[in-house]
Amino acid sequence: GWTLKIRRIEDVRELRQPGVLFVNRSEEAELLRIVEQTRRKGILTISEIEGFCERGGILNFVIQDDSVNFEINLKEAKQARLSVSYKLLNQAIRIYK
């Protein structure tokens, strides 16, 4: 029953909270600024940038053995007041605590 809207934003401040933000590889140079602006605001940050979770992102897609997997930064998810189900955690290839 939820409405999903996908849109490109120029500034993180345009994002309504709570929300989901996919950070494209083209934004890697701005990654630290983006993470700081979204931290603790109820925004799920997702990317496919190498080292995304290590740099403060919450969920990172990783290609491994020709399949798409994901990592989760549990510490950042909790700081954003997001709950992560144990089922999802069990599927992650790496959990950052």
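The values are calculated or read from the model by the stated rules, or taken from the named source; none is laboratory data. Quick caveat, the model's predicted, so the values are computed rather than measured. Backbone-built Cβ (ideal geometry, glycine too); neighbour counts: all protein chains shown. Note: accessible area is taken over every heavy atom of the protein model, side chains too, but ligands, DNA and RNA are not part of it. Shrake-Rupley method; radii C 1.70, N 1.55, O 1.52, S 1.80 Å.
What to note about this one:
- Of the residues making up segment 52-70, at least one is within 23 Å of residue 18 (Cα to Cα), aromatic (Phe, Trp, Tyr) and either modelled with pLDDT under 95 or open to solvent by 60 Å² or more (accessible area, probe 1.4 Å) (or both).
- Scanning segment 55-97 for residues that are assigned to a helix (DSSP H, G or I) and under 11 Å from the mean Cα position of the chain (by Cα) yields 55, 74, 76, 77.
- Per-region count, segment 19-38, residues within 13 Å of the chain's Cα centre (by Cα) and either surrounded by fewer than 15 Cβ atoms within 10 Å (Cβ to Cβ) or assigned to a strand (DSSP E or B) (or both): 9
- Residue list for segment 64-79, restricted to those being touching a strand residue (DSSP E or B) at 6+ places or on another chain (Cβ under 6 Å) and either within 23 Å of residue 40 (Cβ to Cβ) or of a type in the set (D, E, K, R) (or both): 70, 71, 72, 73, 74
- In segment 9-18, the residues that are in a loop (DSSP other than H, G, I, E, B) and open to solvent by less than 100 Å² (accessible area, probe 1.4 Å): 9, 11, 15
- Subset of segment 39-51 that is surrounded by 12 or more Cβ atoms within 10 Å (Cβ to Cβ) and among the basic types (Lys, Arg) - its residue that is farthest from residue 94 (Cα to Cα): 41
- Enumeration of residues in segment 71-85 that are among the charged types (D, E, K, R) and modelled with pLDDT of 95 or more: 71, 75, 76, 78
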